[in-house]
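Everything below concerns the one structure shown next.
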Amino acid sequence: MQDMEPELCNENSEMGFAINQRVHSVGDPRRTGTVKYIGPVKGFAGIWVGIDWDNGEGKHDGSINGVRYFEANNEKSGSFVRRQNLSKGISFLEALELRYRGSSSKEEEDEMYVLSAGNKRVFVQLVGKNKVQDKFNHFEELVGVSLSYMGISSVGSPKEIEATVPNIKQLDLTGNLFSNWEDVDCLCEGLQKLEILDLTKNLLSHYVMGLMRLKNVRVLVLNSSGINWAQIERLNPSLEMIEELHLMGNKLKTIVPASSNRVQGFISLRLLNLEDNLFNTWDEILKLSWLRSLEQLQLNKNHLSRIFYPDHCSESSKPHEKGFKPFNNLRCLLLGDNKIADLPSVDCLNYFPNLTDIRLSGNPITDQTNGGIPRFVLIARLEKVQILNGSEVSSRERKESEIRYVRYVITQMQDRLGEIAYIHPRFDKLKALHGIEDEKSSNDMKGPQKMASGLLSITLKSCGASMGEKPPVTKKIPATTIVGKLKVLCESFFKLKGNKLKLFLVEEDSPFPVLLVDDMASLVDLGIINEATIIIDHED
């Protein structure tokens, strides 16, 4: 394939563009991309601009008719556009004037509201249309500003910015055309009171200049900005007051500290958001364990398969200094939608000194349709958890979960008592805490005693739309009854012949009932205890 050299146009001309310049489609500031080629295209008249579109919606990979003009990010993200169909963007103050003093389109008005749970528009000071047009005719009164998707590509004079909007504390610049840190630095020079800065979807260059004017910024959002950890380390000295740092969707896979093998500095950082990245080993995450103020670490939607705590798990090969507790102040760890599948990873969470808020949903270990464990087992195994998967664990739910768990283990491990301590580390402690005696073998019981000891009081509720209204019933059912047999009994109790049923266990304080998927599992195998509630529905 033939390669074509780009033709560099005069950047100072009215329609001129430059390689790697950020642009958007005329009339659509949400359709942003990067200039990758300027010049002729074989078989087509005139000068063309080759664009690699951020959303991947182009026509080709940068080559056409056997000639390669540029390398696009994927096979369909590139296209050629006439220069008059592209915009180089506007300045910060021009965007401010358009958004807050100019007439607005319906789409822009939608940007100026938030929606309530009832899908109704709610005015907010940040972008309320009437307040913007009336109260904020004087820009010096603006405290919070949203200029998302306005096509901003330049800053202008810091002194003019300071004179125009001296009191801005919160600024949302999502989806604009900033491409270098010099512009960010210049903007912060003009916004001396800025505390919250959102640069989501601004593809910033990898070069970070020296000490920047970010000393007052408490919250910095760099989601989907193409940033890497080396840039973060170079920003570190400038982020004296940073409390929240959001780095979602940046394809981060490794953490490379500036010195030693652990991230240092960030003395005020309480929340670090690394969701939707590519981390696949806990060793990388351990490099963050020296962040002494860190309270919340968000790692949802990565590729982590195991968790371990230094000095307590055999996988730890880099012990920490004596007397130091890794993640000492961490209270919230979000691990949803990863690849965690083993119980030792769950048990290791008990070693985090102050961890009380944990998310594990979306991992194989919690997928009950494929052998994962239910909520009550997680609660029993996690000694300190107070919020699990976003739902509060009440004292009542904890007690019931722990009792249910102990009885479940006793039933499951009767023939392997010597393995209990290894497989269920908290079993002995919980058994003693709740005063639970070992269950007598059913072979040692006779007659009515044997029958009564194995009965569970279960409340059954029918909720299928086609089943009609039926009052709930409470039945004494043998604990050894399998799910498939219980479905047959429900057909009889509620006269549901011909319906294929699904059963759901209602767990105390759990936001959703749990589907009982294994027809061959017994009630006792599933840890179902006395006075449980089961919902009956029909298959779609």
Computed label-point distance, nm, for sites Asn228 and His434 using a 7 Å Cα→Cβ extension: 5.2 nm
Note, ³J(HN,Hα) from phi for segment 84-91, Karplus 6.51, -1.76, 1.60, rounded to Hz, x at Gly and Pro: 6, 9, 10, 10, 7, x, 10, 8
Cβ-derived FRET efficiency at R0 30 Å, Arg30 paired with Glu140, nearest 0.05: 0.50
Relative contact order %, segment 182-284, counting alpha carbon pairs below 8 Å whose residues are six or more apart: 24 percent
Nearest-0.05 FRET efficiency for Ser157 and Leu515, computed from C-beta distance (R0 60 Å): 0.45
Full-extension gain in nm, Ala18 to Glu392, via 0.36 nm per residue minus C-alpha separation: 129.3 nm
For Asn329, net neighbour charge (Lys/Arg +1, Asp/Glu -1) across residues whose Cβ lies under 11 Å away: +3
Sequence-distant residues sharing a close amide H with Ile152 (under 5 Å, placed H): Ile90, Leu177
Solvent exposure, largest accessible area first (probe 1.4 Å, DNA, RNA and ligands not counted), of Trp229, Trp290: Trp290, Trp229
Nitroxide proxy distance, nm - points 7 Å out along Cα→Cβ at Thr281 and Lys384: 2.7 nm
Rounded FRET efficiency, nearest 0.05, which uses the C-beta distance separating Arg292 from Met413 and R0 of 45 Å: 0.65
Gyration tensor (alpha-carbon) shape descriptor, segment 167-250, a/c threshold 1.5: rounded
Table column - 3J(HN,Hα) (Hz), segment 231-248, Karplus curve with 6.51, -1.76, 1.60, x for Gly and Pro: 5, 4, 5, 6, 7, 3, x, 7, 9, 5, 10, 4, 10, 10, 10, 10, 10, 5
Euclidean distance between Cα centres, segment 12-71 to segment 144-215, Å: 26 Å
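The values are calculated or read from the model by the stated rules, or taken from the named source; none is laboratory data. As the structure is a prediction and not an experimental result, all values here were calculated from the model. No Cβ is skipped: glycine too gets one built from the backbone with ideal geometry, and neighbour counts run over all protein chains shown. For accessibility, only protein heavy atoms count, side chains too; no ligands or nucleic acids. Shrake-Rupley method; radii C 1.70, N 1.55, O 1.52, S 1.80 Å.
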